[in-house]
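Enquirer: Handing you this structure, nothing more for now.
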Amino acid sequence: MGNTAVSMTRNFASLAAVAAALVATPAFAVLDNAAAEALMKKDNCAACHSIDKKVIGPAYVDVAAKYKGDKGAAAKLEKKVKEGGSGVWGPIPMPPNSNVSDADIKSLVEWILTLKK
Ligand code: HEC
């Protein structure tokens, strides 16, 4: 009986260690939708973009569909978001997002590319 209690305590300790490791996510982990939407608001992307509707910029699900299977897409889009540009979705330019951190841009682009219609 005493042994069972001891091994349960040990199991609980190792579960706690696993949970702690999961919480300590790397900087560029793909975000879940709630975290990503918060970031979109914080970094002002939400002024022009929505996940599934065209606003001023394209819907993020359309961006994901366009670059599906394109291995270079993340790097290309990170640069585009940082520097701005036009002509891919129409004549309206995206202004440079130079006030947004590289880590935020990388996380947002990686999340956008995982979206499905
Ligand atoms: C002032 C409006 C505006 C803001 C703010 C804005 N965008 Fe855009 N975004 C646009 C427009 C317009 C386009 C289409 C540009 C084009 O046709 O090349 C675009 C295009 C994009 C694309 C696709 C680029 C391509 O070449 O296919 C991505 C990805 C994107 N935006 C992400 C973001 C992220 C992430 C943020 C926030 C950090 C952001 N945008 C902020 C207007 C905006």
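The values are calculated or read from the model by the stated rules, or taken from the named source; none is laboratory data. Because the structure is a prediction, the values reported are computed rather than measured. Cβ: placed from backbone, ideal geometry, glycine included. Neighbour counts: every protein chain shown.
Enquirer: Which condition from (1) free of Cβ contacts under 8 Å to residues at least 40 places away in the same chain; (2) under 21 Å from A103 (Cα atoms) is the one that V63 breaks?
Expert: (1)
Enquirer: Search segment 45-55 for residues being surrounded by 13 or more Cβ atoms within 10 Å (Cβ to Cβ) and free of Cβ contacts under 8 Å to residues at least 40 places away in the same chain, and hand back the single one that is farthest from the ligand (Cβ to nearest atom).
Expert: Initial filter on segment 45-55 (surrounded by 13 or more Cβ atoms within 10 Å (Cβ to Cβ)): 45-46, 48-51, 54.
Now drop any that are not free of Cβ contacts under 8 Å to residues at least 40 places away in the same chain, which leaves 46, 49-50, 54.
Numbers: A46: 8, H49: 5, S50: 11, K54: 9 Å.
Looking at the filtered set, the residue picked out is S50.
Enquirer: Quick one: in segment 23-40, of everything that is more than 10 Å from the ligand (Cβ to nearest atom) and in a helix (DSSP H, G or I), which residue is modelled with the lowest pLDDT? Write out each step before concluding.
Expert: Taking segment 23-40 first, the residues more than 10 Å from the ligand (Cβ to nearest atom) are 23-35, 37-38.
Still in the list and also in a helix (DSSP H, G or I): 23, 33-35, 37-38.
Values: V23: 53, N33: 90, A34: 92, A35: 94, E37: 95, A38: 95.
This residue is V23.
Enquirer: In addition: Are any residues in segment 63-113 more than 10 Å from the ligand (Cβ to nearest atom), surrounded by fewer than 17 Cβ atoms within 10 Å (Cβ to Cβ) and under 21 Å from S50 (Cβ atoms), and if so, which ones?
Expert: Those that are more than 10 Å from the ligand (Cβ to nearest atom), surrounded by fewer than 17 Cβ atoms within 10 Å (Cβ to Cβ) and under 21 Å from S50 (Cβ atoms): A65, K68.
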